[in-house]
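The numbers here are math on the coordinates, done by the rules we state, and not lab data. Not measured: the values here are computed from a predicted model. Don't worry about glycine lacking a Cβ; one is built from the backbone with ideal geometry, like all the others, and counts go over all protein chains shown.
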Protein chains: 4
Amino acid sequence: MNMNKPVRVGLIGAGAIGSFHGESIARRLHNAQLAAIADPSPDAARRLADRLDCPIAVTQAEEIIANPDIDAVVIAAPARFHASLVVSAARARKAVFCEKPMALTLDEADMAIEAARVAGVPLQVGFNRRYDKAWAEARETIVSGGLGTPQLLRSLTRDPCLADPARVPVWAIFFETLIHDFDTLRFLNPGSEVTEVYAIADALVRPDFKERGLRDTALVSMKFDNGAMATAEANFHAVYGYDVRGEVFGSGGMVTMGDVRRSSLTRFAAEGVCSASTRLNLDLFHDGYTAQLASFMEAVRSGVVQGPIGEDARAALAIALACVHSVNERRILAPYGVARA
Amino acid sequence: MNMNKPVRVGLIGAGAIGSFHGESIARRLHNAQLAAIADPSPDAARRLADRLDCPIAVTQAEEIIANPDIDAVVIAAPARFHASLVVSAARARKAVFCEKPMALTLDEADMAIEAARVAGVPLQVGFNRRYDKAWAEARETIVSGGLGTPQLLRSLTRDPCLADPARVPVWAIFFETLIHDFDTLRFLNPGSEVTEVYAIADALVRPDFKERGLRDTALVSMKFDNGAMATAEANFHAVYGYDVRGEVFGSGGMVTMGDVRRSSLTRFAAEGVCSASTRLNLDLFHDGYTAQLASFMEAVRSGVVQGPIGEDARAALAIALACVHSVNERRILAPYGVARA
Amino acid sequence: MNMNKPVRVGLIGAGAIGSFHGESIARRLHNAQLAAIADPSPDAARRLADRLDCPIAVTQAEEIIANPDIDAVVIAAPARFHASLVVSAARARKAVFCEKPMALTLDEADMAIEAARVAGVPLQVGFNRRYDKAWAEARETIVSGGLGTPQLLRSLTRDPCLADPARVPVWAIFFETLIHDFDTLRFLNPGSEVTEVYAIADALVRPDFKERGLRDTALVSMKFDNGAMATAEANFHAVYGYDVRGEVFGSGGMVTMGDVRRSSLTRFAAEGVCSASTRLNLDLFHDGYTAQLASFMEAVRSGVVQGPIGEDARAALAIALACVHSVNERRILAPYGVARA
Amino acid sequence: MNMNKPVRVGLIGAGAIGSFHGESIARRLHNAQLAAIADPSPDAARRLADRLDCPIAVTQAEEIIANPDIDAVVIAAPARFHASLVVSAARARKAVFCEKPMALTLDEADMAIEAARVAGVPLQVGFNRRYDKAWAEARETIVSGGLGTPQLLRSLTRDPCLADPARVPVWAIFFETLIHDFDTLRFLNPGSEVTEVYAIADALVRPDFKERGLRDTALVSMKFDNGAMATAEANFHAVYGYDVRGEVFGSGGMVTMGDVRRSSLTRFAAEGVCSASTRLNLDLFHDGYTAQLASFMEAVRSGVVQGPIGEDARAALAIALACVHSVNERRILAPYGVARA
């Protein structure tokens, strides 16, 4: 495409993260243009479009996908629609940015990857943690050998408030939350794959919703093919804020990432030494969310995705699926499609 | 002005901070437009304009000031031109954002304030530290009574590298560096004014330039009319990075602000526990610099400046001038124009 | 016993931790007296006795146990001798402090507990982490309800240097290292027991010793009967120092414990912001090791053990044994003797 | 003296710090013996003696000084008695440890120094901060060149609670509190002396006691003969605890020392990230207070004082005296007896 023309982006999904991505495209990114918004709620689409001076608001994603003036789509619809939207968009030769999880089954994931490959369009996945400064620096440190061989890794996600357990999809803790941590662990142990998964999951925050399938707390332990051991953990109700951290211990040292404190302000009072905490993922990862879309705009122009791709989404999904089975069957599992020694 | 029309901004000065402000206007701020750039170096103006898709690049600030299509100017020229540019721009009915120091003499400061008052245009000054999250939160804590009465304050600025001492204007340590700290201390002790100043300044980094007037290290102690005591200190060569911190101790507790660490990454190695540090003011205050211009754009639309105004610039300048005299005369001084009990 | 007479203590084992305990008794504790030292190496016993002005140095533990002038023994011999020494000492009516692990099999543990019970002597076990200020405060916070119900726990131990892998007993990583973490997790989840264990262990530091049974890296995940999930991890070669940390996340918040930094000194240099790290367990837990013996002296006088008792040692051992089986059989196990729902 | 015989110490003063020193001698130090306690309150002396198994409790310091069985005295009486007690004790050939300030006038200081010199006895002064691990490491870093030349220094002391302003001696803020900081700054800028002092002091905590001479808040700025600039500040009522910190910035970097947090426990709760704070000097400097007496015991045996000596006490006093004059006369002063260029 013409490198000077702004990238014209269609946004699919005007929820919380979709709105933030829309804002990034319209306001925070250079040479990108928010050309259309689709959301099944006409109000949601319209309000966001008005706020961001976006000319088109529709209820059908297909209208965006069919629009020849649009170069790229950002998919922020509910997870169950992701894979088929990727396939449609790719077939329409749009560059695709898809929120995580890209798919809910390995077959879907394979179809999405294949559609992008056949169409020759960039396909990038929304593993934003890779774009946070600390995580990116950790990866650089590791790749450059600064930690030696990774031996023990940890990644965790704690959401600040489980407001309405009825709206949490079944197994969301693996497919939508811990999928970030699975990608992060792969990102921080480059070139290695998970060979063994053992997962525990429970409804500890809201035991009254356990029968309806809620799992709000989970702990996963993993083994990688380079010997490294890892844990991922998640909880949906951290009263102190939005807490995302990582740790990589290797033969040459350790790095830790993540800090829930909101700013450099520290308050010293009768009750002790205190810092306010970050409450929203959109605050904690404001810059990372923006940086990943900037990287996607680069991919649209260059045709080369620097960030996480369909195969990364598939690998993280394979771990999530193994977790579901591990919980159901109370045993240790290998992610599907990963060779065992 | 029409609230929907973008604010058309002329940038005066295409140096480091001018370029960053230009970028903020062109890329990071909504509904602002970089309409023209002036710099005595035609190359500097042109290169920046090209990079930021700005249609006009000139060598004379007056061309921008005379341009009827321009709503507001951002003055980032060398300090000695600030006051007269403010006066010219105000007379031409432009809203004015002026980098610190707004003036180098109290008379100039008074003229600038008066020109803006007469023209009825907003005049905002580049004390960006007020817009950093930690400092803004500190101010809120103090205003809301969370610290009781301030009793001991501290503000410091340490620049990372004194590359070329020959290019440092005489007394820049007070007029250009510590002026930030003087404003910060007033900001954090709201409603009070400095009544007594004692300053020490020396060329400790480059003693070989002392005879040519260099002062690269300074320590100022101050008394406020509410009894609070304060120190401000500066140094031009902190090998570990760009270090800006603040501390307010009051009857009800303490707050501290500032952290030179670059990200939340911590590295644990044979030599200990280490974090990389921030090297550039443009990194440390990236968000604050942007937020102050966003606030200025609000001021252009609403006519009301929420941030630091001409009178704040004057008050900080009065302290800086008292510092110069205190150093020269080796005695304690009251800032000019501040009533003594 | 006479409350004013010093407690006369016999030390069994003059290695690193034995020597430190000897010093605590002779120098750091009030109203305790180091009456005798036994070590199979006559030199080791004699040198320590000379240094600490201890009148008796012998090679046979039994000489200490048979000595009617001795009130209490501190057992710091190699782990394989612990249980039988506890039994002998208890039968001789000595109060017993035994380093961890108190036993290597559940039968031995039961015999030791029974011997102390029958003799009516205090039996305390060397889980020193309970006496570190941060861990003790964490326990208080949890017991007082400050964290709500524990949901996710973590405990880790990283030793600074695996000098000679040939001298590491088989499964020492579970029996001698992680046994601390198993006790810590029980201590921090009061009233709950582990019902499920899954362990991974490998020789990642020294793969060349794997065939000889070395396991230098391990990760254990656990489920408690109150629903809480926990991980424990260990590694024998942390280049940055002796790293022991804990974390408890509950419905009401989180606590973290542990800091590898050696002092409050922070150094800011060209390479960043750095703190020196603690290299030795005897440094990190200097105060905790001493406090646990002070607590034992109280137990000798009062007859009541406030710290960890034989049953705590047994419970931690049951987890360690389950780990060994879990690694061997690559499956999830319940610690023996813990009722499953 | 016989190197194996315990040092027999007489304690003069059974107040808070005297009691702690008594405890250190009786309980925490090897080969030291608390032989006698003097306090004008017979009850105070007796109670402490009973608690610490000390055989002699008297009301007159002279009884201790005249006792031929006593090797050394620890002077923890009120400041106004220090110098004459040093003189008497030295004349009686006792080794002398004297709490700060050693004297309240330079003449007294000179007499004390001279008395010790003539008698050939060790004279050590209670500047305990030198024995805190972080401050000692800072000094080592500086002496070994790790910071280059010191350029900006800071030392502060904040006491947690001004309970009874009526009991604070006039100018105690300089003579008893900031005297620590004056010594610390000299300790951290080795080989340099203060040439210029400017002090502000006020009754901000309890303005109702200002007329009676109370000064509860003070700020001192100083210049050293190597160009370094320093501040010292104190306040008697820090609601968040006992706060002592230091900072040295030099051509090669910076060190900071001090941390008010009580342990490594951090609590994450709805109100943010919090750590409990240290409330007592005896907690914050528990180890430093003990280490300085251990160092004194070495001095008694070897005859050589490694810690701060009479001349250090005198130099810190000279700064304190200059502060008093600076406050009274509102001008900049040189400490008496320090040569000016």
Worksheet item: How far is C:Ala270 from the same spot in each other copy, in nm, shortest first, if each label point sits 7 Å from Cα toward Cβ?
Response: 2.0, 5.0, 5.1
Worksheet item: For chain A, what does the alpha-carbon gyration tensor say about shape, rounded, prolate or oblate, given a ≥ b ≥ c as the root eigenvalues, a/c under 1.5 as rounded, and a/b over b/c as prolate?
Response: rounded
Worksheet item: How large, in Å, is segment A:114-262 by the Kirkwood hydrodynamic radius built from its alpha-carbon pairs?
Response: 16.4 Å
Worksheet item: In B, who owns the beta-carbon nearest the axis carrying B over to C, and how many Å from it?
Response: B:Cys274, 2
Fill in: Whole-Å distance, taken between Cα centres, linking segment B:268-327 and segment D:214-229
27 Å
Practice prompt. Would you order D:Glu271, A:Glu211, A:Glu137 from fewest to most other beta-carbon atoms within 10 Å of each residue's own beta-carbon?
Written response: A:Glu211, D:Glu271, A:Glu137
Practice prompt. State to the nearest 20 debye the size of the charge dipole of chain B about its Cα centre, where the only charges are +1 on K and R beta carbons and -1 on D and E beta carbons.
Written response: 260 debye
Response to the item:
In terms of the alpha carbon gyration tensor, root eigenvalues a ≥ b ≥ c, rounded if a/c is under 1.5 and otherwise prolate when a/b exceeds b/c or oblate, segment C:190-252 is oblate
Worksheet item: If you average the sequence gap of Cα pairs under 8 Å that are 6 or more apart and divide by the length of chain C, what percent do you get for the contact order?
Response: 19 percent
Worksheet, complete the sentence: Along segment B:154-160, Karplus-curve 3J(HN,Hα) (6.51, -1.76, 1.60; θ = phi - 60°) to the nearest Hz, with x for Gly and Pro, reads 8, 9, 9, 9, 10, 7, x
Discussion item. Give me the three principal axis extents of segment C:8-66 from the C-alpha atoms, as integers in angstrom, largest value leading.
Written reply: 28, 23, 17
Practice prompt. Could you work out the mean count of beta carbons from other protein chains within 10 Å of each residue's beta carbon in B:251-262?
Written response: 6
Item to complete: Scan around A:Thr149 for amide H atoms under 5 Å from its own, H built in the peptide plane at 1.01 Å from N, and keep only partners 5 or more places away or cross-chain.
Response: A:Ser251, A:Gly252
Practice prompt. Considering the convex hull of the alpha carbon atoms of the protein assembly as shown, report its projected area averaged over all viewing directions, in nm², one decimal.
Written response: 53.0 nm²
Discussion item. Order A:62-71, C:223-232, A:230-239 from most to least packed using the mean count of other Cβ atoms within 10 Å.
Written reply: A:230-239, C:223-232, A:62-71
Worksheet entry | Average other protein chain Cβ within 10 Å of Cβ, residues C:242-250 | 3
Worksheet item: How far is B:Gly213 from itself in the other copies, in nm, if each label sits 7 Å out from Cα along the Cα-Cβ line, shortest first?
Response: 5.0, 7.6, 8.0
Response to the item:
Computed ³J(HN,Hα) along segment C:122-135: with the Karplus parameters 6.51/-1.76/1.60, θ = phi - 60°, integer Hz and x for glycine or proline, the list is x, 10, 10, 10, x, 8, 5, 4, 4, 9, 5, 3, 5, 5
Discussion item. Using each residue's phi in segment B:8-15, evaluate 6.51 cos²θ - 1.76 cosθ + 1.60 at θ = phi - 60° and report the 3J(HN,Hα) Karplus result to the nearest Hz, with x for Gly and Pro.
Written reply: 9, 10, x, 9, 10, x, 10, x
Item to complete: Mind ranking A:273-284, D:47-58 by how tightly packed they are, going by the mean number of other C-beta atoms within 10 angstrom, highest first?
Response: A:273-284, D:47-58
Worksheet, complete the sentence: Per principal axis, largest first, the Cα atoms of segment B:184-313 extend in Å by 54, 39, 38
Practice prompt. Give, rounded to the nearest 20 debye, the magnitude of the charge dipole that the protein assembly as shown has about its Cα centre when Lys and Arg contribute +1 at Cβ and Asp and Glu contribute -1 at Cβ.
Written response: 0 debye
Worksheet item: Using the per-residue mean of other Cβ atoms lying within 10 Å as a proxy for protection, in what order, highest first, do the peptides C:295-308, D:6-19, D:287-300 fall?
Response: D:6-19, D:287-300, C:295-308
Worksheet item: Put the label 7 Å from Cα along Cα→Cβ for A:Leu106; what are its distances to the other copies, in nanometres, shortest first?
Response: 3.8, 8.0, 8.7
Discussion item. So if I take the centroid of the Cα atoms in segment B:146-197 and the same for segment A:18-57, what is the distance between those two points in Å?
Written reply: 43 Å
Worksheet item: Which shape class, rounded, prolate or oblate, goes with segment B:113-168 when its Cα gyration tensor gives a ≥ b ≥ c as root eigenvalues, a/c under 1.5 marks rounded, and past that a/b bigger than b/c marks prolate?
Response: oblate
Worksheet item: Helix C:310-329: angle to the longest alpha-carbon principal axis of chain C, degrees 0 to 90, nearest 10?
Response: 50 degrees
Discussion item. For a quick size check, give me the Cα extents of segment A:273-341 along its three principal axes, largest first, whole Å.
Written reply: 48, 39, 19
Practice prompt. Pull up all non-local amide H partners of B:Cys98: gap of 5 or more, or a different chain, and H-to-H distance under 5 Å with H placed in the peptide plane.
Written response: B:Ile75, B:Gln124, B:Val125, B:Gly126
Worksheet item: Per residue of C:227-236, what is the mean number of Cβ atoms on other protein chains within 10 angstrom of that residue's Cβ?
Response: 5
Worksheet entry | Cβ-based exposure ranking for D:Val118, B:Val205, in which fewest neighbours within 10 Å come first | D:Val118, B:Val205
